[in-house]
Amino acid sequence: MGAWELHLLYALQGLHCPVLDAVMVAASMLGSHALIWLAISVCLLARRSTRMAGVAVLAAVAAAELAVPLIKGWVMRPRPYMVDRSVALIAPAPGGWSFPSGHATTAFACAGALAASRGARRGSARLAVVASAFLVAFSRLYLFVHWPTDVLAGAALGLMLGWLAARAVAFVMEGGGRHGGKSATGGA
């Protein structure tokens, strides 16, 4: 935790107002569990043209949900409110360790899988998912429950998991190069 991280979090505390507080609490709740990302996946699974993207999102979210607790248990970084108890929290204090942000990891895993999947590369829905990921990640800073590097690491990890999930799903669902099927890179 660098001093710059604490200074940035203190600066964000100066933005508090009732409307923004409500938006940030809601955004954080949106990303609290994998439910919203799983709902997105179910919507994608419903259409044949986006089914591969739906499977990729499911795989990415599952990978994020497995990876984050392992990393948190290894790093054991305290949350900002544990370091400075003088800041009044506007939402219930989450337990557990801080690094990486599970909210950011899962949100960006979904966004990354969606962006890297075939059949789901265009449209306002993709933009909404990416914007939601940024909003969820920012809310964790605003609420003083994560350090900036927690959120950045979570976003990077999530994007990597999303991309890997999309590539793996494409490889498997397109035949994995067997019997003349196309591989994830489009080759025969």
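The values are calculated or read from the model by the stated rules, or taken from the named source; none is laboratory data. Remember, predicted model here, so these are calculated numbers, not experimental data. Every residue, glycine among them, receives a Cβ derived from its backbone with ideal geometry; neighbour counts consider all protein chains shown.
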Considering segment 36-75, residues that are touching a residue at least 24 places away in the same chain (Cβ under 8 Å) and basic (K, R), and then whichever is nearest to V172 (Cα to Cα), we arrive at R51
If a residue has to be on the phi < 0 side of the Ramachandran plot, at pLDDT 90 or above and either surrounded by fewer than 21 Cβ atoms within 10 Å (Cβ to Cβ) or of a type in the set (K, R) (or both) to count, how many in segment 94-121 make the cut? 3
Has segment 124-133 got at least one residue that is under 16 Å from I40 (Cα atoms), in contact with a Leu (Cβ under 9 Å, 6 or more places away or on another chain) and polar (S, T, N, Q)? yes
Here are A64, A91, A60, A53: which of them is of a type outside the set (V, I, T), touching a helix residue (DSSP H, G or I) at 6+ places or on another chain (Cβ under 7 Å), part of a loop (DSSP other than H, G, I, E, B) and surrounded by 12 or more Cβ atoms within 10 Å (Cβ to Cβ)? A91
Within the set of pairs 6+ apart or on separate chains, which have a first residue in segment 10-33 that is of a type in the set (S, T, N, Q), a second that is part of a helix (DSSP H, G or I) and crowded, with 16+ Cβ neighbours inside 10 Å, and C-beta atoms under 8 Å apart? S28/H103; S28/V136; S28/S139; S28/R140; S32/H103
Could you say whether any residue in segment 98-107 is assigned to a loop (DSSP other than H, G, I, E, B), over 14 Å from the mean Cα position of the chain (by Cα) and of a type in the set (F, W, Y)? no
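To keep it simple, each residue is scored yes or no on (1) of a type in the set (S, T, N, Q); (2) in contact with a strand residue (DSSP E or B) (Cβ under 8 Å, 6 or more places away or on another chain); (3) within 18 Å of V61 (Cβ to Cβ); (4) crowded, with 20+ Cβ neighbours inside 10 Å.
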position: G123; (1), (2), (3), (4): no, no, no, no
position: L127; (1), (2), (3), (4): no, no, no, no
position: S132; (1), (2), (3), (4): yes, no, yes, no
position: V136; (1), (2), (3), (4): no, no, yes, yes
position: W147; (1), (2), (3), (4): no, no, no, yes
position: V151; (1), (2), (3), (4): no, no, yes, yes
position: A155; (1), (2), (3), (4): no, no, yes, yes
Farther than 18 Å from F134 by Cβ, of a type outside the set (K, R) and either at pLDDT 95 or above or surrounded by 15 or more Cβ atoms within 10 Å (Cβ to Cβ) (or both), is that true of A3? no
Any chance segment 30-43 includes a residue that's under 25 Å from W4 (Cα atoms) and either buried (at least 17 other Cβ atoms within 10 Å of the Cβ) or in contact with a Leu (Cβ under 9 Å, 6 or more places away or on another chain) (or both)? no
Identify all residues within segment 8-47 that are in contact with a helix residue (DSSP H, G or I) (Cβ under 8 Å, 6 or more places away or on another chain), modelled with pLDDT of 85 or more, under 18 Å from G154 (Cβ atoms) and not hydroxyl-bearing (S, T, Y); write none if there are none. L8, L9, L12, M24, A27
